[in-house]
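Everything on this sheet refers to the single structure shown next.
The values are calculated or read from the model by the stated rules, or taken from the named source; none is laboratory data. Quick caveat: nothing in here was measured; it's all calculated off a predicted structure. Virtual Cβ from ideal backbone geometry, glycine too; neighbours counted across all protein chains shown.
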Amino acid sequence: MYKLYQTATLPSADRSIQEKRIALIDDDPIFRCITSEYLKAQGYLVHEANDGLEGLRVIRDVSPELVICDLSMPVMDGIELVAEISLEYPSLPVIVVSATDEMSDVAQALKFGIKDFLPKPISNFGNLGKAIESTLHDADNYLCDQRDFSSQWFRIDSGDMPEDQELHWHLEYLQNNPNAAKDLLHALLPEKDTAQGQWKCAYRLLQSTDTMPLIFDYAWLMNGQFIFYLVDSQNETNNGVAATLLVRALFNDYLRNLKSFNADLKDIAELLENGMSCMASADPVRSLFGLADLSEGTLDILPAGLQAQWAGSGKNKHIFAGNLLGSQSLKNAVVKDLPIHESCKLTMSRLGSSSFSFDIYRNRIT
């Protein structure tokens, strides 16, 4: 059942959002009616469509500033729609409103760059209003292409620390639906193989479906550096989802705001520790951070609760776990200048539940 809202209790429409066009695409006429009335009461111009194909026509005709869509629709479903939007209109932000049993589809849609999602039925339209306001703010400030859903949830802006209330409705749903949380976290994993110039990096991750997953992510930097992290979303409190999403959001934010070409592992750890200290829901997690300088042929590792094994150039080194991220990981020492030369490997395992391996190697041209 949809919960009706009282129009009289809504705040007056903000002049800054008047004339903003929103495409509302959903095959449920009741949901469209209620949501449309709410959006109009907020000052938005709403253009409706009842399936993905009609939605594309609306987008082409009215050039909206934002799209709100369902995933389960006839003719052209939501996944096909967001895929098409990502190709034709890569700067057009999309918010998905999905039934709670469609989390695997939501996870797939995240790969096409949707900015937010909310589960149906919407019990508090104020949450939708906040999601729209945040997304349009990013679009107006040319941040929409740079920031993904995790930054939206934490409302990261100009280095400000996130606050719990900005994402509590997402986390409450994920904490109450662990399978949905697993689907979402799995969707965050990047391509297994990546290359730049003569260097290639590849990771392999095998893990049980019974536990919360390990999450790996990476980025190439312009100066020949390759930076990465590994986070164990399973922690002692069974509440590692918030911390894992926060790592993703602040990691990406750090790279976007990097003032010099050289990243620093301690700087990242300090940013993450500060962020976690601002959030009661972000409990300490086991993690590890790495920075490869491929021009110098060296690898630095900062452990933050995860132990690992490094092998390269005929040598082996054990990386001790140290303090967890969120529990004074800055006290851990950086393992510096591990030689890469032609190749090296980093491995880690959780007994009986997962194994991880990461290879850096020079691509030999034959």
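Brief remarks on what is shown
- Among the residues of region 279-312, the ones that are under 19 Å from the mean Cα position of the chain (by Cα) and either assigned to a helix (DSSP H, G or I) or among the hydrophobic types (A, V, I, L, M, F, W, C) (or both) come to 5 in all.
- Hits in region 313-366 - residues which are of a type outside the set (S, T, N, Q), assigned to a loop (DSSP other than H, G, I, E, B) and under 26 Å from residue 206 (Cα atoms): 314, 320, 321, 322, 324, 326, 340, 342, 351, 352
- When we screen 206, 230 for residues that are in a strand (DSSP E or B) and loosely packed, with under 15 Cβ neighbours inside 10 Å, the only hit is 206.
- Taken together, 84, 54 contain a single residue that is over 20 Å from residue 137 (Cα atoms), in contact with a helix residue (DSSP H, G or I) (Cβ under 9 Å, 6 or more places away or on another chain) and at pLDDT 90 or above, which is 84.
- Output for region 320-351, where each listed residue is at pLDDT below 95 and β-branched (Val, Ile, Thr): 340
- The C-beta contact set for region 187-209 (first residue farther than 22 Å from residue 308 by Cα, second residue in a loop (DSSP other than H, G, I, E, B) and of a type in the set (A, V, I, L, M), distance under 6 angstrom, 6+ apart or interchain) comprises 199/294.
Matching residues to (1) farther than 25 Å from residue 278 by Cα; (2) at pLDDT 65 or above; (3) buried (at least 16 other Cβ atoms within 10 Å of the Cβ):
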| residue | (1), (2), (3) |
| --- | --- |
| 105 | yes, yes, yes |
| 108 | yes, yes, yes |
| 123 | yes, yes, no |
| 126 | no, yes, no |
| 138 | no, yes, yes |
| 164 | no, no, no |
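- Checking each residue in region 93-103 for being in a strand (DSSP E or B) and modelled with pLDDT of 80 or more picks out 94, 95, 96, 97, 98.
- Only a single item in (1) crowded, with 16+ Cβ neighbours inside 10 Å; (2) on the phi > 0 side of the Ramachandran plot is not met by residue 63, and it is number (1).
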